[in-house]
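S.K.: I have a structure here, written as C-alpha cells, and I will follow up with some questions on it.
The values are calculated or read from the model by the stated rules, or taken from the named source; none is laboratory data. Values in this document were obtained by computation on a predicted structure and should not be read as measured data. No Cβ is skipped: glycine too gets one built from the backbone with ideal geometry, and neighbour counts run over all protein chains shown. The protein model used for the area step is the full one, side chains on, heavy atoms only, and it has no ligands, DNA or RNA in it. Shrake-Rupley method; radii C 1.70, N 1.55, O 1.52, S 1.80 Å.
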Amino acid sequence: MSGWIRITDYIDCSEDVQSLRKKVRDDGINDIYPDSIHSVDGTMFFIVREQEGKRLVVIGEGKIFDKFSGNVITHKGYNIKICLLSHQNCSALREVFPFTAPVSVLDNPVTIGLGDRLGLASAGHIRLIKKHDVKPVLAQQSMRELNLTGRTYTGVLDDVSWAVFQEGYTGGFGADGDHLKKPGEIQMALDCGYTMITLDCSEHINNDIPSLSKERIKEKYDSVCDCLRRDYEDRYLNKTFKLPEGYEITFTLDSLMEIVLIYQDAINFAVDIYNKYIKNYHRKVDFEVSIDETLTPTSPQAHFFVATELEKANVKAASVAPRFCGEFQKGIDYIGNLKDFEREFKVHAAIARKFGYKISVHSGSDKFSVFPVIGRETAGRYHLKTAGTNWLEAVRVIACKCPDLYREMHKYALGVLEEAKKYYHISADTSKIPDIDTLSDDELPTLMDENDSRQVIHITYGLLLQAKDSNGDYIFKDRIYKVLYDYENAYYETLESHIGKHLTKLGVK
Ligand code: ZN
C-alpha cells in the first residue's frame, strides 16, 4: 500500500484542512501534494503521486463522493476512491471546486499568460504566482500549438484545473483561446470553457499597402465607398487628438488613406466576431484584438485609428496587441533599438489608457531589456504572454537530468530545423551552435542560455513531440514526459526562477 494511506490515521481528529496539510508535511508523507488536500461536506480530496502517474483520492460517501469515478477500496472503515485524472473527473472537480474553473481575469492590473505546451508547467507557475500581485492566464494555446503538440483545448484546460487543485490555488485564473482566426475555432474555445479569446486579425491586414506607390494608394482609396471616406475624413483630418501624458495624434490625408486601406478589413472582422460571439455570450469573455502577427509594425497613429474604430462600433476589448517596432522573436531578448521602442511604447500605452484597455505584449518570453519600460509606461496595467520559454525550461531540466536524451533531441532538432521554420520566424545562426559531441554533459544545460540553440529547440517542439520511429512509437515524447515526471520539482523550481526573473524586471510586487 502506498504511503499516502497513512493520512487515514489523522482524518478523525482533524476536520481542519490547514492542520491536515501541515501534518502531512511534517510527517513527510511525500506522495501526497499537501496543498491538494480539500474537504467538502465531510468528503475529503487530495492528489497523490503514484509510479504510473497522479491520482485523485476521494474519501467519504454520498452525493459528492458519487460524482467521481474510480476504484473503491475500504481501509479503517473509510471508503476510498482512487480516480484517474480523466476529463470526466475533471468536470466533476470543477463543479465541486469552482476555483478550478477559469474565469475572466483581464480586469486585473497585471495579467500574465503562461502557455504550457506539455501540460506540466502550471504547478510551477502557480507556486510563483502565489507570492506575487499578478493574475495568471494558465491555459493559453493557439491552434498552431494545439496542432504541433497534438493536444486539445479540453485537455489543455483539464491539465490546468488539476494543477490548480494540486497547488490549492484559489486566486482565479484565465483560459485563453490564443491567436484564433476562424469563427469555428472561437466557438470551440468558448464551448470548452475558455474565458479569453485572442482574435488574430493578421489575415485581414493588408500588408502590401505600404509598398504601393502614392498614386496606387490613392486609386485604391478612391474605390472605398464615398460615404465611408467622407466619414473618415470628417473624423480624422484637421484634428489634433489629445492622449494622456500630453501625447498628440494627427493624420494627414496620405497617412489616413494608407491606414484605412491596411486596417479596414481587420477592423470589420473584429467587429463582426465580437458581435456574433462575444458580446452576448452567457458569461464574461475577455476579448483581445491582436494585430501583431503581421509584417507591418503598428504605428501609434494606426493603433489610435484601430482603437477609435473599435470604440465607435461598441467593441469592448480587454486588450489589444499591437506589433511593436523592432523584433519580438521567440524565446530570446528584444532585438532592436531600445530608445525607439521606449518612445513608441509610451504612446501605445497612452492610447490604451485613453480607450480603457490593456496593451498586450505577445512573444513576451525573455524580453528582459524591455520589461522595465513595459512595467513603468503602462503604470502596471498590461497583459504579457509567454509560452515557449516554459518548454525551454523543461528542456533545460532534461539536459541536466538526462543528458543522453538531450543529445538525441538536439541532433534531431537541427535536422528538422528547416521544416520548423515554416511555422516560426527566427534568426538563429546554427553555425554558432557548438558541435554537441564536443560538449561534456555538464555543459549541455548552458545551451539553453545561448540564443541560437534556444531558438532551435524553441521552434522544433512540435516536431520533437510528434516524431515517431518506423514502428509508429514516439521517439522522444514518452521519455520527455517521464523525465519531467521523475524530476517534477526540479522543473517547478526552474520555472519559478525563470518566470520570476520576468516578474522582477517588470517591477511586479
Ligand atoms: Zn501574437
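S.K.: What do you get when you divide the Cα radius of gyration of segment 246-330 by 2.2 N^0.38 Å, with N the number of residues?
M.R.: 1.17
S.K.: Report the charge-dipole magnitude of segment 282-346 in Debye, nearest 20, computed about the Cα centre from +1 at each Lys and Arg Cβ and -1 at each Asp and Glu Cβ.
M.R.: 260
S.K.: Let me ask another. Using only the Cα atoms, work out Rg/Rh for segment 195-304, with Rh taken as the Kirkwood radius, to two decimals. Before the final figure, lay out each step's value.
M.R.: Values: Rg = 15.6 Å, Rh = 15.6 Å.
We get a ratio of 1.00 for segment 195-304.
S.K.: Here's something else I'd like to know. Hey, can you find the accessible area per residue of the chain for me, probe 1.4 Å, expressed in square angstrom?
M.R.: Accessible surface, normalised per residue, equals 42 Å².
S.K.: Could I ask something else about it? Going by average Cβ neighbours within 10 Å, how do the peptides 386-396, 183-193 rank, with the highest at the top? Each step should come with its number before you reach the end.
M.R.: Values: 386-396: 24.5, 183-193: 16.8.
Output ranking for 386-396, 183-193: 386-396, 183-193.
S.K.: Considering only protein heavy atoms and a 1.4 Å probe, what is the carbon-and-sulfur percentage of the accessible area of segment 363-509?
M.R.: Here it works out to 48 percent.
S.K.: Would you mind telling me the share, in percent, of accessible area of segment 167-218 contributed by carbon and sulfur at probe 1.4 angstrom?
M.R.: Answer for segment 167-218 is 51 percent, counting heavy atoms of protein chains only.
S.K.: Work out how much length Asn207 to Lys22 would gain on full extension: take 0.36 nm times their residue separation and subtract the Cα-Cα distance, in nm to one decimal. Walk me through the numbers before you get to the answer.
M.R.: Values: separation 185, 0.36 × 185 = 66.60 nm, distance 5.86 nm.
Gain on extension, Asn207 to Lys22, equals 60.7 nm.
S.K.: At 7 Å along Cα-to-Cβ for each site, give me the label-to-label distance between Asp340 and Ala379 in nm.
M.R.: 2.9
S.K.: When ranked by the protection proxy of mean other Cβ atoms within 10 Å per residue, highest first, what sequence do the peptides 35-48, 288-301 form?
M.R.: Ranked by mean Cβ neighbours within 10 Å, highest first: 288-301, 35-48.
S.K.: Then there is this: Using the alpha-carbon atoms, what tilt in degrees (0 to 90, nearest 10) does helix 403-415 show relative to the longest principal axis of the chain?
M.R.: The helix 403-415 is inclined about 30 degrees to the chain.
S.K.: Another question, if that's okay. Where nothing but the Cβ of Lys and Arg (+1) and of Asp and Glu (-1) is charged, how large is the charge dipole of the chain around its Cα centre, in debye to the nearest 20?
M.R.: Working: 64 positive and 75 negative charges, 239 e Å.
With Lys and Arg at +1 and Asp and Glu at -1, about 1140 debye.
S.K.: Moving to a separate point now. Using amide H atoms built 1.01 Å from N in the peptide plane, name the residues 5+ places from Phe251, or on other chains, whose amide H lies under 5 Å from its own.
M.R.: Asn238, Lys239
S.K.: Take the cross-link list Lys23/Lys54; Lys220/Lys312; Lys276/Lys509; Lys54/Lys130; Lys284/Lys354 and give me the ones stretching past 31 Å between alpha-carbons.
M.R.: From Lys23/Lys54; Lys220/Lys312; Lys276/Lys509; Lys54/Lys130; Lys284/Lys354, over 31 Å: Lys276/Lys509.
S.K.: On to the next question. Contour minus end-to-end for Asp435 and Lys218, with contour as 0.36 nm per residue of separation and end-to-end as the Cα-Cα distance?
M.R.: 72.7 nm
S.K.: Here's a follow-up. Helix 388-401 versus the longest principal axis of the chain: what angle, 0 to 90°, nearest 10, using Cα atoms?
M.R.: The angle comes out near 40 degrees.
S.K.: Would you mind telling me the share, in percent, of accessible area of segment 229-341 contributed by carbon and sulfur at probe 1.4 angstrom?
M.R.: C and S fraction of accessible area: 49 percent.
S.K.: Taking a temperature of 4 °C and a viscosity of 1.567 mPa s, what whole-number D in µm²/s does Stokes-Einstein yield for the chain with Rh from Kirkwood over alpha carbon pairs?
M.R.: D = 52 µm²/s.
S.K.: Still on this structure, I have one more. When Lys and Arg each count +1 and Asp and Glu each count -1, what net charge do the other residues less than 15 Å away from Leu146, Cβ to Cβ, add up to?
M.R.: My count for the surroundings of Leu146 gives -4.
S.K.: Let me ask something additional. Using helices alone, what [θ] at 222 nm do you get for the chain, with -39,500 (n - 2.57) per DSSP H run of 4 or more residues, divided over all residues and rounded to the nearest 500? Display every interim value, and only then the final one.
M.R.: On the way: 20 runs with 216 residues, N = 509.
So the calculated ellipticity at 222 nm is -13000 deg cm²/dmol.
S.K.: Aspartates and glutamates near Lys421 by alpha-carbon distance under 13 Å, same-chain residues fewer than 8 away left out - which ones?
M.R.: Partners found: Asp429.
S.K.: Output the 0 to 90 degree angle, nearest 10, between the alpha-carbon long axis of helix 338-355 and the longest principal axis computed from the alpha carbons of the chain.
M.R.: 90
S.K.: Return the inverse of the average 1/r over all pairs of distinct C-alpha atoms in segment 279-373, which is the Kirkwood hydrodynamic radius, in Å to one decimal.
M.R.: Every distinct Cα pair counted, the radius reaches 14.0 Å.
S.K.: In the chain, if the dipole is taken from +1 on Lys/Arg beta carbons and -1 on Asp/Glu beta carbons about the Cα centre, which of Val315, Val373, Ile259 is farthest to the positive end?
M.R.: Towards the positive end, the residue furthest out is Val315.
S.K.: Arg144 to Arg235: extension gain in nm, 0.36 nm per residue of separation minus the Cα-Cα distance?
M.R.: Here the answer is 28.9 nm.
S.K.: Compute the signed sum of charges (Lys and Arg +1, Asp and Glu -1) over the other residues within less than 13 Å, Cβ to Cβ, of Glu248.
M.R.: +3
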